[in-house]
Amino acid sequence: MLNIKFIHPKFFPTWILILLMRIGVFIPFSAQVFIGKFIGKAIYPFMSKLRSTAYSNISHCFPEKKQAQVNTLVKNHFEAIGISLFETANAYYASDKKISRLLVVKNEQYFTDALKQEGGIIILCSHFMPLMLGSRALLINHTIANIYRPQNNKLFDQAMVKGYKKNGAVMIKSTDTRSIIKAINNSLPIWYAPDQDLGENNSVFAPLFGIQTATASATARLSKNNKTRVIPYSFIRTSKGYEMSFEKPLSGFPSNNPIIDATITNKILEKQINKNPEQYLWIHRRFKTRPEGAENFYKYN
């Protein structure tokens, strides 16, 4: 039912975006990629702050790359951002049939075998551009809980939540620790992407590409509940569609050392990024929280 407050003129641009997303899901994959790349190229010159953030992140993570190589990767990343507009639309509004046609699934037995056993499951994912579609694709054959951060735009947040719920997801806010633990204790798999800067109070410093990085400590804490298995998961766009891939549950995780645990999850992230660097979320200020005395990476604060 339409909330009356969303009729306000300030939401008109969001309504237009939602309409375009609903139309966009009917465009074939190859055309979505072509148009998305064009959009990415078109917005690139106007996004100076995001360009600067992406350039800083990539140049620090790949110090061996020359300036021209970094610039090329930043441009490719913006093309991936443009494509992600369609990927988000597909996540909310596309049919299971359309998504299934685009999927190649690898090593799903690691997840299905875990489902047959008692205990919690954390599907450990990362902020790649097809992230939203990656969680929706899981819902085709499985019931999972999506751990999400509410959007600042309340109308778009409602569209996101409704889009997932109608396809069977249980939606839990990232701040609702009680509900997250309840899902784990009920053996409901949770889809969890902790690879963002949550500030020093919610993190420990662990190396990521050799950089001491504020890394969420909640992954290890949550996995201590109900014999929880942590299964790394990736969802990447290919030339023909998408590759959904699972890895073996982490062995000996968590340990009694939060820095060791954070280092393990960061190594998983590094491995995924190295395979498809242009699709990772470089416009996020991943290294904003610095150890005491360390340099600020970003031109814009």
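Here, each number is a calculation from the coordinates, and none is a lab measurement. This is a predicted model, so every value here is computed, not measured. A quick note on method: Cβ atoms are made from the backbone with ideal geometry, for glycine too, and the neighbour counts reach across all protein chains shown.
Here are a few things to note about the model shown:
- Length-normalised contact order for the chain - Cα pairs under 8 Å, 6+ apart - percent: 23
- Diffusion of the stretch 146-301 by Stokes-Einstein, at 4 °C in a medium of 1.567 mPa s and with Rh set to the Kirkwood radius over alpha-carbon pairs, works out to 75 µm²/s.
- Within the straight-line cut-off of under 18 Å between alpha carbons, the lysines reachable from K116 are K227, K248, sequence neighbours fewer than 8 places apart in one chain being disregarded.
- Reported to the nearest whole Å, the Cα centre-to-centre distance from the stretch 87-129 to the stretch 189-251 is 15.
- Only helices enter this figure: runs of n ≥ 4 DSSP H residues, each worth -39500 (n - 2.57), summed and divided by the residues of the chain, yield -14000 deg cm²/dmol at 222 nm to the nearest 500.
- Difference of contour (0.36 nm per residue) and Cα-Cα distance, E292 to F34: 88.4 nm
- Radius 10 Å from Cβ of A206, net charge of other residues (Lys, Arg +1; Asp, Glu -1): 0
- For the stretch 9-18, 3J(HN,Hα) per residue [Karplus equation, 6.51 cos²θ - 1.76 cosθ + 1.60, θ = phi - 60°, Hz, x = Gly/Pro]: x, 5, 8, 4, x, 5, 4, 5, 4, 4
- Highest-first packing order for the peptide set 61-71, 114-124 is 114-124, 61-71, based on the mean count of other beta carbon atoms within 10 Å.
- Cα gyration tensor category, rounded, prolate or oblate, for the stretch 1-46 with a/c compared to 1.5: oblate
- Remark: the stretch 157-165, residue by residue, has Karplus-estimated 3J(HN,Hα) of 4, 5, 4, 5, 4, 5, x, 6, 4 Hz, where x stands for each Gly or Pro and the curve is 6.51 cos²θ - 1.76 cosθ + 1.60 at θ = phi - 60°.
- Near T213, the amide H atoms lying under 5 Å from its own belong to A206, L208; only residues 5 or more places off or on other chains count, and H is placed 1.01 Å from N.
- Percent RCO, i.e. relative contact order, over the stretch 1-129, from Cα pairs under 8 Å lying at least 6 residues apart: 32
- Beta bridges by DSSP in the chain, antiparallel share as percent, to the nearest 5: 40
- Subset of K154/K267; K97/K173; K49/K173; K182/K224 violating a 24 Å alpha-carbon distance limit: K154/K267; K97/K173; K49/K173
- Shape call, the stretch 63-108: gyration tensor on alpha carbons, a/c limit 1.5: oblate
- Hull volume in cubic angstrom per residue (convex hull over the Cα atoms of the chain): 147
- Cα centre as origin, Lys/Arg/Asp/Glu Cβ charges: the chain dipole, Debye: 700
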